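Everything below concerns the one structure shown next.
Coordinate-derived values only; no laboratory data. Remember, predicted model here, so these are calculated numbers, not experimental data. FYI the Cβ positions are ideal-geometry reconstructions off the backbone, even for glycines, and counts take in every protein chain you see.
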Amino acid sequence: ELDGVLLPKGTKVGLHVGAINRHPEAWDRPDAFDPERFLKKADRSEKGPRVFNFLPFSAGPRRCLGDKFSLMEQKTMLLMMLSRLEVLPERHTRLQDIALSSDSIAITLLQPREMRVRVRPLGA
């Protein structure tokens with residue numbers, strides 16, 4: 001039984017990571033774009049990882065073994081791209097019209113809606 005709901009034996013239970021990453025009890029402004037929120041400890045007293053609030057790779061002993069490699073690889077690729085390319089929205093795109101979609105039910109983070117961009121080498 002969980003919160004008054006009977007779960008039959010063998011029921012599979014999972015976490016909705018997207019909901020956890022935007023839960024109002026964990027975050028002051030859950031819908032605001034604020035990447036720095038993940039740098040603060042749960043009591044917000046000092047910097048440090050909030051291990052069980054940001055869960056893109058799960059947490060604990062069964063977390064993804066490639067989490068640190070993946071994050072380093074993402075940062076490296078992003079840095080390489082941004083050091084060589086200029087990425088701009090398509091001329092007809094208004095930045096205020098870009099929003100995240102919550103149309104689907106998924107166990108992953110929300111997916112961004114389509115946004116067309118222009119890419120050109122820096123200095124061109």
Taking 0.36 nm per residue of separation between Leu122 and Arg94 and subtracting their Cα-Cα distance, the length gained on full extension comes to 7.8 nm
Quick calc, Asp67 & Leu2: beta-carbon distance into FRET formula, R0 35 Å, rounding 0.05, result 0.80
Amide H neighbours of Leu85 at under 5 Å, excluding residues fewer than 5 places away on the same chain, with H built from the backbone geometry, are Leu122
Taking Ser83, Ser58 and counting other beta carbon atoms within 10 angstrom, the fewest-first order is Ser83, Ser58
